[in-house]
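The values are calculated or read from the model by the stated rules, or taken from the named source; none is laboratory data. Just so it is clear, the model here is predicted, and its values are computed rather than measured. Please note: Cβ atoms are built from the backbone with ideal geometry, for glycine as well, and neighbour counts cover all protein chains shown. Ligands, DNA and RNA are excluded from the accessible area calculation, which covers all protein heavy atoms including side chains. Shrake-Rupley method; radii C 1.70, N 1.55, O 1.52, S 1.80 Å.
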Amino acid sequence: MSSITGVSVGDELSDPSGAPNSGAGASTGTKGDRVFGGLAMGAGLLVVAIVSLVAIFLLVQAIPAIGKDKINFLTSREFTSAQLRFGIVQLLWTTVTSSLVALVLAVPFAVGIALFLTHYAPPWFSRIGAALIDLLAAVPSIVYGLWGFYVVAPKFVHVQDALNSVLGWIPLFGKVDTVTGGATIMMVGVVLAIMILPIITALSREVFAQTPVTHKEGALALGATRWEMIRTAVLPFGRPGVISASMLGLGRALGETIAVLFILSALPGTTKWTWSLFNGGSTFASQIANDAPNDQNDANSMGALIAAGLVLFVLTFVVNAIARVIIERRKEFTE
């Protein structure tokens, strides 16, 4: 049956040779999809292979050293790789507490900045503010370490004294007389918070900006104020993204090396260990960086450091796994 223009339906769907036009396009598209799918799968498998090889390397190098450890690897606080007396309790405590302090300080500021830039600031100021926040991520770690040790630490002593006078009855905020100058776990957490702030802010800003307009307009149409709209529409939509950003920032804080090494390396090695955040110590990364130049020619001592790296690897993996579980449960709840 011909159309008004005189061209039949069959003519529109086929070329002069009688083959459908859509077939060639579909064939090309299918081939392109296969190529892209193969490349994407190859990239994913490559990442998995690299992570697996790193884990195997750490296990192969760490297990013999742990077998020669003269103290309990999991329960001892002493870490002297040269004498094969290495335990991870103190390193684990310093690493986790400084990172959690950084996370507790950085997340509220990051979320507040992201909400301001996406829903309150004018467009021109939002662009400038986002660029300035992103510039913090470009500052080298050593600069943060120098700034923290020479500028922040002396002034942070007064903050620590104030917290101790109010919360000193809590072991976490107990005073440590042997540590002076303000270069403590708490102060390191403050510096780390500034270092991870750009990461959390940038990702949170992108997530909040993607909130469906219909959700926001629906809340406003029902009479909600701007804050009520943010609380009922924006924050629930962006919560999985904020969790992902927070875990990414936590991973950065757990593995930070140079800034922590520079700030805490000046503390006396004989400082008595306590539960206080106003004490000193070393993280896994800073301990490895501090001892590696001296132990690189000794396989057993280097194995002790690799064992510490293995624990840090597992710790980071567990943090990312927990974040993934939380995000998946949150998605199921919202759906």
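Just checking, which of GLY129, GLY145, GLY181 is outside any helix (DSSP H, G or I) and in contact (Cβ under 8 Å) with a residue 12 or more places away in the chain? Being outside any helix (DSSP H, G or I) and in contact (Cβ under 8 Å) with a residue 12 or more places away in the chain holds for just one of GLY129, GLY145, GLY181, which is GLY181.
Any idea which of SER276, SER265, SER301 is at pLDDT 80 or above, of a type outside the set (A, V, I, L, M) and under 30 Å from ALA162 (Cα atoms)? Sole residue among the options that is at pLDDT 80 or above, of a type outside the set (A, V, I, L, M) and under 30 Å from ALA162 (Cα atoms): SER276. Taking segment 87-125 as the range and being over 20 Å from ARG252 (Cα atoms) and loosely packed, with under 14 Cβ neighbours inside 10 Å as the test, the residues that pass are GLY112, TYR120, PRO122, PRO123, TRP124, PHE125.
Within the option set ILE142, ILE128, being over 15 Å from the mean Cα position of the chain (by Cα), closer than 30 Å to ARG77 by Cα and surrounded by fewer than 17 Cβ atoms within 10 Å (Cβ to Cβ) holds for one residue only, ILE142. Counting only residues that are among the hydrophobic types (A, V, I, L, M, F, W, C), exposed (fewer than 15 other Cβ atoms within 10 Å of the Cβ) and in a helix (DSSP H, G or I), segment 203-227 holds 5 of them.
Quick check on my filter: what residues within segment 56-86 are in a loop (DSSP other than H, G, I, E, B), open to solvent by less than 70 Å² (accessible area, probe 1.4 Å) and in contact with a Leu (Cβ under 7 Å, 6 or more places away or on another chain)?
Answer for segment 56-86, where residues must be in a loop (DSSP other than H, G, I, E, B), open to solvent by less than 70 Å² (accessible area, probe 1.4 Å) and in contact with a Leu (Cβ under 7 Å, 6 or more places away or on another chain): just ASP69.
Just give me the residues in segment 192-251 being in contact with a His (Cβ under 8 Å, 6 or more places away or on another chain) and of a type in the set (Asp, Glu), in sequence order. It would help to see each step written out before you state the result.
First, pick out the residues of segment 192-251 that are in contact with a His (Cβ under 8 Å, 6 or more places away or on another chain): 208, 226, 230, 233-234, 237.
Residues satisfying the conditions do not exist here.
Got a sec? Which of GLY251, GLY255, GLY189, GLY181 is within 29 Å of the chain's Cα centre (by Cα), modelled with pLDDT under 90 and either under 30 Å from PRO123 (Cα atoms) or open to solvent by less than 30 Å² (accessible area, probe 1.4 Å) (or both)?
Unique residue meeting the criteria: GLY251.
Exactly one residue among SER286, SER246, SER282 is at pLDDT below 85, in contact with a helix residue (DSSP H, G or I) (Cβ under 7 Å, 6 or more places away or on another chain) and buried (at least 19 other Cβ atoms within 10 Å of the Cβ), and that residue is SER282.
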